[in-house]
Amino acid sequence: MALLPSKSLVFTVRRQEAELVVPCEPTPHECKPLSDIDDQEGHRFHVRGFHFHQSNLSMKGKDPAKVIKEALAKALVFYYPFAGRLREGPNRKLIVDCTGEGVLFIEADADVSLVDFGDELYPPFPCAEELLYDVPGSNGLLNSPLLLIQVTRLKCGGFIFAHRFNHTMGDGTGLSQFMTAVGEIARGALVPSMPPVWERHLLSARDSPLITYQHEEYSHNTSGPKNGTIIPTDNLVCRSFLFRQSHISSLRRFVPHNLRCSTFDILSACLWCCRTKALELDPNEDVRLICIVNARFKFNPPLPLGYYGNALGFPAASSSIGKLTQNPLEYALKLVKQAKTKVTDEYMKSTMDLLVTRGRPNVKLAGSYIVSDLTRAKFKEIDFGWGEAVLVGPETCWELISFYIPSKNKKGEDEIIVPVCLPASAMKNFVKELENMLKDEQTVHADI
């Protein structure tokens, strides 16, 4: 495990005035309800992400902002709901009014080169608020643009593609599918290789709702674990940790030979244990690890290819803090594996029924730690003509969630970057716990 150093890079960004990019051809003006998975409370926010692209000699003389803006207008013909606005109906039901008003687009220039960011790109990114400018009055959930894109040209000929996306419209897979379409069109395609599929009715509650699972992950559930502590938000420290294949192999020494597990399983169990120990909470309290699971192929039949709405399950592993911190890593690992197996067709139907009958609640925040695996979302492969991104990741990190961000070292070996946010004292404990768990591996860290 390598604790990546904090950055102090400062540079200037010159932005042009934001403009609305509309579909380049007429599109249907209609109202399209979101699914009951889409409009739950936990999706009612904006996702912010960054794509860092190098210069490419074959694209010399071409302006990435112009290329992407033109491709965006063409892609919106196929994904025209993104050019609309959200309205809220009875019982908090969200509906897309396909007005064709467009998405926000900003082009900018920065007096910095990609190399100035250092050998490693990772959250939190410097000057993030300048690289993804929040246009005043544009970031509401309702009656506001559903997507904002900023393309910032760099001195080296590379660029940063940054986005702010209304999460109710889709998950990481859906957003990646849309951006892939923009990239394909930017490279000359006339239509996306994956036709978009709306079909949000497929993820709607049953006519006679029936909650068949405990759903410990959601609020308003009285049968799950006791409420836990929400960590204090003052004096928070955000750091990114780099996990190489050798680190994952080192963690596997805690796993019995007859227990199969994925990299996600073992890494999530490790982080959950180390984070829980670092926070030094009451051992009698309960904590949860909430895994964000792509459920597209868990349905019977599976969702159609091209479905770009939210299709996420949030299964929770739960334990008392005492049991989690006093047992071997194998204990947490088995809980993580068991949680993931909950996600079935019936589990997702039960989830929809719960969301509708209980007012579309949020996931439980107290006592929870959420992990989201971006290594399979294919964001890094999105190519606007300059090749795939050097790195793609969320703008920053939050105290309750960590993303697993794919990366490669100079040898081309796969690595995972994990941003973690904790109070300063807990971060010191967290680093020590990780070092102890990986004590057979060399660790490198900066002062915190």
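Partners of Lys432 within straight-line reach, counting aspartates and glutamates whose Cα lies under 17 Å from its Cα and excluding those fewer than 8 residues away in the same chain: Glu280, Asp440, Glu441, Asp447.
Of interest is the spacing of the C-alpha centroids, which for segment 172-197 and segment 238-294 amounts to 34 Å. On a per residue basis, the chain carries 43 Å² of accessible surface, using protein heavy atoms and a 1.4 Å probe. Largest GNM mean-square fluctuation across Val115, Val343, Val197, computed for the chain with C-alpha springs under 10 Å, falls on Val115.
Two decimals is fine: what's Rg over Rh for segment 1-124, C-alpha atoms, Kirkwood radius as Rh?
Numbers: Rg = 19.1 Å, Rh = 18.0 Å.
Computed over Cα atoms, the ratio is 1.06.
Within segment 257-306, the chymotrypsin sites (Phe, Trp or Tyr not before Pro) that combine a DSSP coil assignment with at most 12 other C-beta atoms in a 10 angstrom radius are Phe297. Of the GluC sites (Glu not before Pro) found in segment 17-113, the ones in coil according to DSSP and having at most 10 other Cβ atoms within 10 Å of their Cβ are Glu17. Computed over segment 367-412, the range of Cα coordinates on each principal axis works out to 43, 24, 18 Å, biggest value leading.
Just want to confirm a number: the relative contact order over the chain, from Cα pairs under 8 angstrom separated by 6+ residues, in percent. Present the calculation step by step, with values, prior to reporting the outcome.
Details: 946 pairs, mean separation 109.9, N = 448.
25 percent.
Surface composition of segment 1-140: carbon and sulfur make up 50 percent of the accessible area, probe 1.4 Å. Per residue, the convex hull spanned by the Cα atoms of the chain measures out at 149 cubic angstrom. Taking label positions 7 Å along the Cα-Cβ direction at both Val191 and Cys156, the computed distance is 3.9 nm, reported to one decimal.
Counting residues in segment 220-373 as N, plug N into 2.2 N^0.38 Å and put the Cα Rg over that result.
Working: Rg = 16.7 Å, N = 154, 2.2 N^0.38 = 14.9 Å.
For segment 220-373, the normalised Cα radius of gyration comes out at 1.12.
Would you calculate, for the chain, the mean residue ellipticity at 222 nm contributed by helices, counting each DSSP H stretch of 4 or more residues as -39,500 (n - 2.57) and dividing by all residues, to the nearest 500?
Values: 9 runs with 104 residues, N = 448.
Rounded to the nearest 500, it is -7000 deg cm²/dmol.
Under the 0.36 nm per residue contour assumption, what length would be gained going from the current alpha-carbon distance of Gln338 and Leu305 to full extension?
Full extension from Gln338 to Leu305 adds 9.2 nm.
Highest mobility in the GNM of the chain, judged by mean-square fluctuation with C-alpha springs under 10 Å and restricted to Leu131, Leu34, Leu434, is found for Leu434.
Whole number please: convex hull volume per residue of the Cα set in segment 104-144, in Å³?
Values: hull volume 3.8 nm³, N = 41.
Per residue, the Cα convex hull of segment 104-144 comes to 93 Å³.
Can you tell me the relative contact order of segment 26-112? Whole percent, Cα pairs under 8 Å, sequence separation 6 or more.
Details: 73 pairs, mean separation 35.2, N = 87.
Taking the mean separation of contacting Cα pairs over the length of segment 26-112, I get 40 percent.
In 5 Å bins starting at 0, how do the alpha-carbon pair distances of segment 359-443 split up by percent? Pair shares across the bins are 3, 11, 15, 19, 19, 15, 9, 6, 3, 0, 0. Heavy-atom accessible surface of Tyr133, to the nearest 10 Å², is about 70 Å², with a 1.4 Å probe and all protein chains retained. Taking each of Lys60/Lys411; Lys93/Lys380; Lys323/Lys428; Lys277/Lys334 in turn, the alpha-carbon distance tops 24 angstrom for Lys60/Lys411; Lys93/Lys380.
How much of the DSSP beta bridge set in the chain is antiparallel, as a percent to the nearest 5? If you can, show how the numbers build up before the last one.
Values: 55 of 72 bridges.
The antiparallel fraction comes to roughly 75 percent.
The values are calculated or read from the model by the stated rules, or taken from the named source; none is laboratory data. Everything numeric here is computed off the predicted structure, so don't read it as measured data. Note that we place each Cβ from the backbone using ideal geometry, even for glycine, and neighbour counts take in every protein chain shown. In case anyone asks, the SASA skips ligands and DNA or RNA and just uses the protein heavy atoms, side chains included. Shrake-Rupley method; radii C 1.70, N 1.55, O 1.52, S 1.80 Å.
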